[in-house]
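Here the structure is laid out as structure tokens; the discussion comes afterwards.
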Amino acid sequence: LFFKQGFKIKFNRDTDPLFIFFDYDIRSYPVNMNIQHFHNFYEIFIPLETSTGHLIDGEYNQLNSYDMVLLKPGLLHKSVYPKVNMPQKRIIINFNLGEGIPGLEYELKKLLDIFSLELPIIRFPANIMTEIVQKINDIFQIGKQKHDRWQIAYYAEFIELLWLINKNINLNCYNQDRAIDSNAQKIYYVMDYINHHYSENVSLESVADQHAISPFYLSHIF
């Protein structure tokens, strides 16, 4: 997979109906986010190392290199980088597809069905992942060279990337591994609960009772 730290390919802004953004970078434990967050656009997170994890709606999931985390708008998430000396390479793809092309609105919408999986993490066999990596490399080259009307080629290749993922979705072989410190997992559950009930009368006692732990202990670990 082609990779250059800090390389970015951006077409329009994330507030525009149609935009596509590829971000190649390196992250490490010191830059872990404190809390989960969400976006108003779609995101594909691809770790290129074997020790990265990802929280999705409070649930921790261990990732291997080249797994794909598919995050739809509004979904709480957070990447988790371990305490290791070697920084972790990753690619993040953010996008919105806009209103679609007349006559293809339904088909373009169907491409996004993969983001509604109960557990939106994909791990493909090596032969399928080779195809997908080649498509990502094609996009990298387009963003690097930026010939005339490169945006059209960028859009077309990205749609084909989504199509490849959809075409092979039944070959997804990701096995969930949620090994994480139990105290940390409790906090993620609590944060997820608060996110979904913040408009209600939420108290320390009610949240502690909901998660079968003492208010003092919850306050302490939070």
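Given (1) touching a residue at least 40 places away in the same chain (Cβ under 8 Å); (2) not basic (Lys, Arg); (3) not in a helix (DSSP H, G or I), identify the lone condition not met by Glu118.
(1)
Return yes when Val202 is open to solvent by less than 70 Å² (accessible area, probe 1.4 Å), modelled with pLDDT of 85 or more and more than 28 Å from Ile93 (Cα to Cα) and no when it is not.
It is true that Val202 is open to solvent by less than 70 Å² (accessible area, probe 1.4 Å), modelled with pLDDT of 85 or more and more than 28 Å from Ile93 (Cα to Cα).
What pairs come out if I take residues in the stretch 9-32 that are in contact (Cβ under 8 Å) with a residue 60 or more places away in the chain and closer than 16 Å to Lys146 by Cβ and pair them with residues that are among the acidic types (Asp, Glu) and open to solvent by 40 Å² or more (accessible area, probe 1.4 Å) whose C-beta lies under 8 Å away, six or more apart or interchain?
Between residues of the stretch 9-32 that are in contact (Cβ under 8 Å) with a residue 60 or more places away in the chain and closer than 16 Å to Lys146 by Cβ and residues that are among the acidic types (Asp, Glu) and open to solvent by 40 Å² or more (accessible area, probe 1.4 Å), the close pairs are Phe21/Asp14.
Which residues, counting only those in the stretch 205-214, are over 18 Å from Asp57 (Cβ atoms) and open to solvent by less than 50 Å² (accessible area, probe 1.4 Å)?
If the condition is that a residue be over 18 Å from Asp57 (Cβ atoms) and open to solvent by less than 50 Å² (accessible area, probe 1.4 Å), then Ser206, Ala208, Ile213 are the ones that fit.
Could you run through the stretch 114-146 and say how many residues are open to solvent by 60 Å² or more (accessible area, probe 1.4 Å) and either within 15 Å of Glu160 (Cα to Cα) or polar (S, T, N, Q) (or both)?
Count: 7.
The values are calculated or read from the model by the stated rules, or taken from the named source; none is laboratory data. As the structure is a prediction and not an experimental result, all values here were calculated from the model. Every residue, glycine among them, receives a Cβ derived from its backbone with ideal geometry; neighbour counts consider all protein chains shown. Accessible surface is based on the protein model in full, side chains and every heavy atom, while ligands, DNA and RNA are left aside. Shrake-Rupley method; radii C 1.70, N 1.55, O 1.52, S 1.80 Å.
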